[in-house]
Amino acid sequence: MPNLPISQLPVAGPLTGDELFVVVQDSVTKQVEYSQFLSGTSGTSGTSGSGTSGTSGTSGTSGTSGSNGTSGTSGSSGTSGTSGSSGTSGTSGSSGTSGSSGSSGTSGGSGVTNYYLSVYHTASIPLLVANTVYSMSFSTTEFANGISISGSDKSQIKITNAGIYDIQFSAQLDKTNSSNNTVYFWLAKNGVNEPNTNTGVALFGGANEAQVAAWNFYISASNNDYYEIRMAGIDNNAVIEYDATPPLGPAVPSIILTVGRIG
């Protein structure tokens with residue numbers, strides 16, 4: 001190769017370590033391999049110089065926005081709010097039309113006709129003979145319908161119409177002396193004693209210690225039957241007593257009787 005200036009020499013390829021270089025050392029031209037450059041001893045470090053900081057550079061342009069991230073999981077439901085106050089009531093609707101009348105009910109059965117009697121006696125009835133039967137008698141009728149007092153001694157309770165009747169009485173019973181006595185009361189129908197209707201009232205103590213005998217009988221009467229309340233004492237000192245002037249109140253009848261139809 002002809003001698004050329006360094007600037008005209010061809011450019012070397014990548015170095016592998018066994019290339020030769022020409023160096024001038026102590027005014028003598030010498031050759032040296034490239035690998036010797038690499039393994040030479042290190043020179044002493046130079047002192048560090050502190051340079052002043054350079055001015056800050058201008059801010060770069062903003063980068064493009066990143067893509068949207070994935071949605072997060074749903075949060076838990078919140079607690080329910082308190083109920084709102086009730087609204088005001090609406091106005092009432094208009095009344096509907098009246099329905100048609102129902103059919104008439106069946107007629108009721110005939111009621112029981114009222115037959116009744118209220119009477120009393122305004123005289124005393126002494127039971128003068130022991131073990132002798134007497135009948136209660138009635139001097140005054142207050143009101144009556146279908147029932148009457150009959151018989152010569154006004155002792156018969158006559159029922160014109162058949163039916164079930166309630167006979168009630170009260171008698172003021174006394175003695176004329178201190179001897180004990182028992183007076184019995186029972187019912188008779190058409191002159192014949194009615195079974196199992198007798199009751200005895202015992203009288204003790206002195207005279208003028210009145211007691212009241214009072215109860216009732218239910219009877220089943222046919223048309224024009226008559227009833228009597230009979231009585232008898234085992235001694236002769238009993239009296240069914242009338243008191244015209246008691247210390248208090250009006251006169252005390254010796255007997256009060258009421259009769260009424262109940263069926």
Qualifying residue in the range 169-180 (condition: in a strand (DSSP E or B), among the aliphatic types (A, V, I, L, M) and farther than 16 Å from Tyr120 by Cα): no
Could you please find all residues in the range 124-180 being within 13 Å of Tyr226 (Cα to Cα), surrounded by 15 or more Cβ atoms within 10 Å (Cβ to Cβ), touching a residue at least 40 places away in the same chain (Cβ under 8 Å) and β-branched (Val, Ile, Thr)? Ile147, Ile157, Ile159, Ile167
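Would you check if Gly263 is touching a Gly at 6+ places or on another chain (Cβ under 8 Å), surrounded by fewer than 16 Cβ atoms within 10 Å (Cβ to Cβ) and not polar (S, T, N, Q)?
Numbers: touching a Gly at 6+ places or on another chain (Cβ under 8 Å): yes; surrounded by fewer than 16 Cβ atoms within 10 Å (Cβ to Cβ): yes; not polar (S, T, N, Q): yes.
Against the criterion (touching a Gly at 6+ places or on another chain (Cβ under 8 Å), surrounded by fewer than 16 Cβ atoms within 10 Å (Cβ to Cβ) and not polar (S, T, N, Q)), Gly263 qualifies.
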Selection from the range 185-200 of residues that are surrounded by 16 or more Cβ atoms within 10 Å (Cβ to Cβ) and either more than 60 Å from the chain's Cα centre (by Cα) or closer than 16 Å to Val212 by Cα (or both): Phe185, Trp186
Expected single match for buried (at least 20 other Cβ atoms within 10 Å of the Cβ) and over 20 Å from Lys175 (Cβ atoms) among Leu257, Leu248 is Leu257
With respect to Gln172, is the statement that it is touching an Asp or Glu at 6+ places or on another chain (Cβ under 7 Å) and either at pLDDT 95 or above or among the basic types (Lys, Arg) (or both) true? yes
For a quick check of your reading of the model, give me the residue pairs whose first member lies in the range 240-259 and is within 17 Å of Gln211 (Cβ to Cβ), whose second is assigned to a strand (DSSP E or B) and hydroxyl-bearing (Ser, Thr, Tyr), with beta-carbon atoms closer than 6 Å and at least 6 apart or on different chains. Pro253/Tyr120; Ile256/Tyr120; Ile256/Ser170
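So which of Glu209, Glu241 ends up being charged (D, E, K, R) and either surrounded by fewer than 16 Cβ atoms within 10 Å (Cβ to Cβ) or under 51 Å from the mean Cα position of the chain (by Cα) (or both)?
Numbers: Glu241 fails: either surrounded by fewer than 16 Cβ atoms within 10 Å (Cβ to Cβ) or under 51 Å from the mean Cα position of the chain (by Cα) (or both).
Result of the check over Glu209, Glu241: Glu209.
Per-residue answers, yes or no, for (1) polar (S, T, N, Q); (2) under 23 Å from Thr141 (Cβ atoms):
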position: Thr197; (1), (2): yes, no
position: Ala202; (1), (2): no, no
position: Glu209; (1), (2): no, no
position: Trp215; (1), (2): no, yes
position: Ser220; (1), (2): yes, no
position: Gly233; (1), (2): no, no
position: Gly249; (1), (2): no, yes
position: Ile255; (1), (2): no, yes
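The values are calculated or read from the model by the stated rules, or taken from the named source; none is laboratory data. Predicted, not measured: the structure shown is a model, and the values here were computed from it. Reconstructed Cβ throughout: ideal geometry from the backbone, glycine too, with neighbour counts over all protein chains shown.
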